[in-house]
Amino acid sequence: MISALELRAVADLLATATSSEGFGVRARLVGIGTVDPDGAFDLALRDLDGHNPTDALLGFCAPDDWQALGVLTGGWAGPIGEGPPSAHPDGQRTRLVVLVDRDGQRVGRIRFADGTEVDEAPEGGLLLDALHRALGLATEPPAQHPGVFLSRLWLASVVEAGRERPSTWAEVVACHPAMVVLAANGQSLGSAHLAVAARAMTDAWGWSGVHRQATKGWLHALVEPSVAAWMDEGMLARWLDASLPELDVLTELAVAACTPEAGARLRDEIGVLCDSGSSAA
């Protein structure tokens, strides 16, 4: 196995060797092969041809003789939750090396355009998740309750359904994932039972149920079934979270896609469902 010292040495080597490329460094996949008794190892670099490293890693399984996996890439950094870093006035270019070994040990080298250097790996994120999954390692568990995701999925469906004309309350209710699943099984509940059905679905499924259904194609618009099967629950939850607009944005869009009466009821109902989901997390 590769040691922590050796892993840091590889990160330093990659950071130094590519410094001349500046912040337009080509994205590459890094594989560290078997370490021999003398400490020598094979280093494989695969050009990602301009693809986003996280996307390029989806479904990838590192060869058995690779002791560590990583990426070398350039990007942008900026304030969290304030839109794309590249468009933010405080955004700046970065160059990143991150390596993870088969024990989950990780090292990183981050260089910012302002000269700041951080010699630590990212604490989380989809790139780190993807590196873990490619090595067959578990990721951090979901941070968000599945009821909040299902509510956001509902709102996104309401927005789509209301593109031609404003939706009535009955049509809004029919868009909820719980009602869709019931209808697919030949069952129906009145709109008065929306909250009960939504909570029952959340309690019965949890993230394991969402993951299981995603592998069967239920969320094919957000994640391919084979990729969902490659992910674990934690990565899937974060992938889905990143795939939909924020709750407050979706709420306003969904309300605008409804009749005034349906929009008012939707605003009340989403608050109840999300409060329930947050408290159960």
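None of the figures in this text is laboratory data; all of them are computed from the coordinates on show. Predicted model only: the values in this text are computed from it and were never measured. So basically every Cβ, Gly included, is an ideal-geometry build from the backbone, and we count neighbours across all protein chains shown.
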Inset, instruction - Count the net charge of all other residues whose Cβ sits under 12 Å from the Cβ of residue 24, scoring Lys and Arg as +1 and Asp and Glu as -1. - result: +2
Legend entry - residue 183 versus residue 103: modelled label distance in nm, points set 7 Å from Cα along the beta carbon direction: 5.3
Legend entry - Label point distance in nm, residue 221-residue 246, each placed 7 Å from Cα along Cα→Cβ: 2.3
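Using the Kirkwood radius over Cα pairs, work out the Stokes-Einstein diffusion coefficient for the range 25-74 at 10 °C and 1.306 mPa s, in µm²/s as a whole number.
Working: Rh = 11.6 Å.
Here the translational diffusion coefficient equals 137 µm²/s.
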Legend entry - the chain: calculated mean residue ellipticity at 222 nm from DSSP helix runs of at least 4, using -39500 (n - 2.57): -14000 deg cm²/dmol
Inset, instruction - Using the charge dipole of the chain (Lys, Arg: +1 at Cβ; Asp, Glu: -1 at Cβ; taken about the Cα centre), state which of 178, 260, 145 has its Cα farthest towards the positive end. - result: 260
Inset, instruction - Compute the FRET efficiency between residue 140 and residue 42 as 1/(1 + (r/R0)^6), taking r as their Cβ-Cβ distance and R0 = 22 Å, and round to the nearest 0.05. - result: 0.15
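Evaluate the charge dipole of the range 54-125 about its Cα centre and quote only its size in Debye, nearest 20, assuming +1 on the Cβ of each Lys and Arg and -1 on the Cβ of each Asp and Glu.
Details: 6 positive and 12 negative charges, 42 e Å.
Here the range 54-125 has a charge dipole of around 200 debye.
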Inset, instruction - Classify the range 190-281 as rounded, prolate or oblate, taking a ≥ b ≥ c as the square roots of the eigenvalues of its Cα gyration tensor: rounded when a/c is under 1.5, otherwise prolate if a/b is larger than b/c and oblate if not. - result: prolate
Legend entry - Options (1) 30, 21, 19; (2) 43, 21, 14; (3) 31, 24, 14 - which one matches semi-axes √(5λ) of the Cα gyration tensor in Å as calculated here: (2)
Inset, instruction - Scan around residue 42 for amide H atoms under 5 Å from its own, H built in the peptide plane at 1.01 Å from N, and keep only partners 5 or more places away or cross-chain. - result: 33, 34
Inset, instruction - Tell me the trypsin sites (Lys or Arg not before Pro) within the range 12-62 that lie in a loop according to DSSP and have at most 13 other beta-carbon atoms within 10 Å. - result: none
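With a ≥ b ≥ c the root eigenvalues of the C-alpha gyration tensor of the range 164-209, is it rounded (a/c under 1.5), prolate (a/b larger than b/c) or oblate? Please list the in-between numbers first.
Numbers: a/c = 1.92, a/b = 1.85, b/c = 1.04.
It is prolate, given that a/c is not under 1.5 and a/b is the larger ratio.
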Inset, instruction - Please work out the C-alpha center-to-center distance from the range 56-134 to the range 166-209 and express it in whole Å. - result: 38
Inset, instruction - Rounded to whole Å and sorted largest first, list the principal axis extents of the Cα atoms in the range 1-90. - result: 50, 29, 23
Inset, instruction - Evaluate the charge dipole of the chain about its Cα centre and quote only its size in Debye, nearest 20, assuming +1 on the Cβ of each Lys and Arg and -1 on the Cβ of each Asp and Glu. - result: 640
